[in-house]
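The values are calculated or read from the model by the stated rules, or taken from the named source; none is laboratory data. Please read these numbers as outputs of a predicted model, since none were measured by experiment. Cβ atoms come from the backbone with ideal geometry, glycine included; neighbour counts cover every protein chain shown. Remember, those area values only see protein heavy atoms, side chains included, never the ligands or the DNA or RNA. Shrake-Rupley method; radii C 1.70, N 1.55, O 1.52, S 1.80 Å.
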Amino acid sequence: MRILVAYASRYGSTAGIAERIAEKLNAEGFDAQAKPVKEARDLAGYDGFVIGSAVYIGSWMKEATDFVRRNRVQLSTKPAWLFSSGPLGAKATDAQGRDLRTVAVPKEIAEFAFLNAKEHRVFFGALDRSKLTGMHRLMNLMPAAKELLGEGDFRDWSEVESWAEGIARQLVGVPVGRE
Ligand SMILES: Cc1cc2nc3c(=O)[nH]c(=O)nc-3n(C[C@H](O)[C@H](O)[C@H](O)COP(=O)(O)O)c2cc1C
């Protein structure tokens, strides 16, 4: 059973999550490939989709949103899961006591209801300030940035792996083959 793990990642941490999901699915006996959305082709050849993006200023990266919109018909005919990689820091809540995973849900997820995705999961992300480029580099200089953007790698690999295991369990019994 072929599964596409398609992702958008500006600095590589979301790519790492996508690759770990694909590795786990492969270890569970599936034929999973992690690919940047820009390189994902021939979607008819897949039996399921995991689609993820880094979150910037409350949104998925444009290339990921465009990928979902452009391929809405094909993506919605197969089981699909969504993930976002965003929150930073060791705390689960923000200064107002709100759950960071809830706050981080990008605005596009409501629009993607047409996919009938089995789940949307928010994972903590990673940030290396020295890697920031363009507008992000400028934003990092703003006084609020230090407080809002915690530096470090906050990805929880055991959570990513158990999410992938859950996907593997749900995929058992899904029909295989091209439409
Ligand atoms: C300028 C900037 C804005 C960000 N905005 C958000 C945001 O609105 N919500 C969020 O959860 N994370 C936000 N983040 C954190 C990133 O989503 C996080 O660092 C993510 O892991 C980056 O993924 P990538 O390495 O795949 O690009 C922001 C990071 C930067 C540098």
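Here are the numbers for the structure shown:
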quantity: Sulfur and carbon atoms: percent of accessible area, the stretch 9-84 [1.4 Å]; calculated: 46
quantity: Accessible-area order (highest first, 1.4 angstrom probe) of the listed residues Lys78, Lys131; calculated: Lys131, Lys78
quantity: Other-chain or far-sequence residues with amide H under 5 Å of Ala126's (modelled H); calculated: Phe154
quantity: The stretch 88-179: relative contact order in percent, alpha carbon pairs under 8 Å with at least 6 residues between; calculated: 34
quantity: 3J(HN,Hα) from dihedral phi, the stretch 167-176, Karplus parametrisation 6.51/-1.76/1.60, rounded to Hz, x for glycine, proline; calculated: 5, 4, 5, 6, 6, 5, x, 7, x, 9
quantity: Candidate residues Ser130, Ser162: accessible-area rank, largest first, probe 1.4 Å; calculated: Ser130, Ser162
quantity: Å² of accessible area per residue within the stretch 86-140, as computed with a 1.4 Å probe and no ligands counted; calculated: 60
quantity: Estimated D of the chain in µm² per second, where Rh is the Kirkwood radius over Cα pairs and Stokes-Einstein applies at 37 °C, 0.692 mPa s; calculated: 196
quantity: 1.4 Å probe accessible area per residue over the stretch 1-71, in Å²; calculated: 39
quantity: Built amide H within the under 5 Å cut-off of Leu132, gap 5+; calculated: none
quantity: Amide hydrogen neighbours beyond the local backbone of Gly52, cut-off 5 Å, H modeled; calculated: Ala6, Tyr7, Ala8, Phe83
quantity: For the chain, size of Cβ-based charge dipole, Lys and Arg +1, Asp and Glu -1, in debye; calculated: 460
quantity: Scattering profile of the stretch 125-169 at q = 0.29, 0.30 Å⁻¹ [log10 I(q)/I(0), Debye over alpha-carbon scatterers]; calculated: -1.01, -1.06
quantity: Viscosity 1.002 mPa s, temperature 20 °C, Stokes-Einstein D of the stretch 1-107 from Kirkwood C-alpha radius, µm²/s; calculated: 148
quantity: Heavy atoms of Tyr11: accessible area, 1.4 Å probe, square angstrom to 10; calculated: 50
quantity: Average Cα contact separation per residue, the stretch 24-115, under 8 Å, 6 or more apart, as relative contact order %; calculated: 31
quantity: Thr77-Val105 FRET efficiency (beta carbon distance; Förster radius 30 Å; 0.05 resolution); calculated: 0.75
quantity: Computed [θ] at 222 nm, deg cm²/dmol, the chain (DSSP H ≥ 4; -39,500 (n - 2.57); rounded to nearest 500); calculated: -9500 deg cm²/dmol
